[in-house]
1. Relative contact order, percent, of chain A when contacts are C-alpha pairs under 8 Å separated by at least 6 residues?
2. Which one of A:251, A:302, A:170 has the biggest mean-square fluctuation once chain A is modelled by GNM with Cα springs under 10 Å?
3. Using helices alone, what [θ] at 222 nm do you get for the protein assembly as shown, with -39,500 (n - 2.57) per DSSP H run of 4 or more residues, divided over all residues and rounded to the nearest 500?
4. When you look at the Cβ of every residue in A:195-201, what mean number of other chain Cβ atoms sits within 10 Å?
5. What residues from region B:158-182 fall in the zone where the backbone N is under 20 Å from a label point 7 Å along the Cα-to-C-beta line of residue B:101?
6. Over the whole of B:30-37, what's the average partner chain Cβ count within 10 Å per residue? Rounded to a whole number, please.
7. Sort B:204, A:19, A:30 so that the residue with the fewest other Cβ atoms within 10 Å of its own Cβ comes first and the one with the most comes last.
8. Return a whole-number percent for the relative contact order of chain B, with Cα pairs under 8 Å and 6 or more residues apart as the contact set.
């Protein structure tokens, strides 16, 4: 036995398992994407079982490309993922800097801040869309109602009343419309993942070279220019990590979309696949292949960016 | 100079206050969930009972009756624990080999493993349902849920373990080899004691991800192996009228993990950074 045999043997189970996990379903998806395959068809019952005779070539692909929902779903996926990334990184940086000094109760602040990260996504969505954002029963509805009553009361005051009577009645925002529900999803996922960014940035800030900062202070650099010129470059690697890990999780965002967007037209790519899969498996599989391609493009880009720094 | 000191004095008061406010804002939704769980369904939607109400445990005592909570909870515990166990059983040897006997391909294998995490689950959902229902007959079994949870978390588990193992000085292992320790002995007597903390935090994070997983667990189960994610997703329909009981069951579903997270946050961070942040 050579020196290499044992290490290889130790890696084999993991590699084989992941290989099967990747290849078997993926090749089936690839196969289904080239045939006509629907779950229910009264006129063409032969299409309800997968068979090579139902070969459709690239028919499913062109069908999907021509579906107007497809481009909307891609656009929406990109919008949702990018907004979440930008918001979590910016908020995460701000909060990490804020918490990165000692003050009374810092431990408790940390615990409070990290909590959203451990909440189950399904609960996160149910909680936000119903109890917080609902325009009538949620906190939003109650807050808007309260403000309206308050403004109404102020109108009776002399002089000031004239000013307040110019104010229009506030309307609560419904987060169940196509576009607004995307914002609701962005909001709830940002809430959940900002703590993750904060934790990572905080860890990194603690290793920042303080003497460099002191030297900068002596040279007359203000706190802002110190932050931009010293802290941000120091955080380049953690930012890359935050972006990479979040992309992995958010590209396949589903539970939140499903709970918030039921039937109102808001969708991302995984959700569109789910919609197709209720009957047209061929189209769902073709969409799936597009999703895989999109994920791969992003994966290659991200892994290139982060991969190097991970290994040393 | 005087201005600077004045400003930083003010800063020492203002910034902690801001930090506290931000932390409370972030925690508020969780607080609200727990808070609402002590209101009756009728009180929960009335603005006049927003903050002041007669607390009741009714929602918790009725949880079994309304939602059959315990069955889902037990399924969550079983599937998450076994999935974590299996992921470690496969992941520890693999990460060990990669960290201590890296070859030229190691980096590529690691990258490839992580890239399997990026495959959109939705793309392969139908084949998985098809295979497990029609051919393997394991749809809606604990075995299937455990297998899937194990596989989707395996890349992360291996990555985390790899970054922990990499930190262990090789000399210790070399010295063990000189003394004629076998590979198994190496793992058992040298590696495990040294890497215990890393393995434990990996297990924790894996368990949390398994518990919160809401795609496969919802779609590959119907009743027998359904977990808490399925319970929450399945009962969101009549939400408007049942804020109280929905809050109670949601609280019961998330609090075990949130509390676990509180105790282990320090250990979790290092693993989550994939070793790239020191």
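Derivation of every value follows stated rules applied to the coordinates shown; laboratory data play no part. Note that this is a predicted model, so its numbers are computed, not measured. Using ideal geometry, Cβ is built from the backbone for each residue, glycine included, and neighbour counts are taken over all protein chains shown.
1. Numbers: 315 pairs, mean separation 89.8, N = 312.
Computed over chain A, the figure is 29 percent.
2. Maximum fluctuation in the GNM of chain A, among the listed residues, is at A:170.
3. That calculation yields -22500 deg cm²/dmol at 222 nm.
4. Per residue, the number of nearby Cβ atoms from other chains is 4 on average.
5. Residues B:158-159, B:161-182 fall inside that zone.
6. 3
7. Going from sparsest to densest Cβ surroundings: A:19, A:30, B:204.
8. Reported relative contact order: 32 percent.
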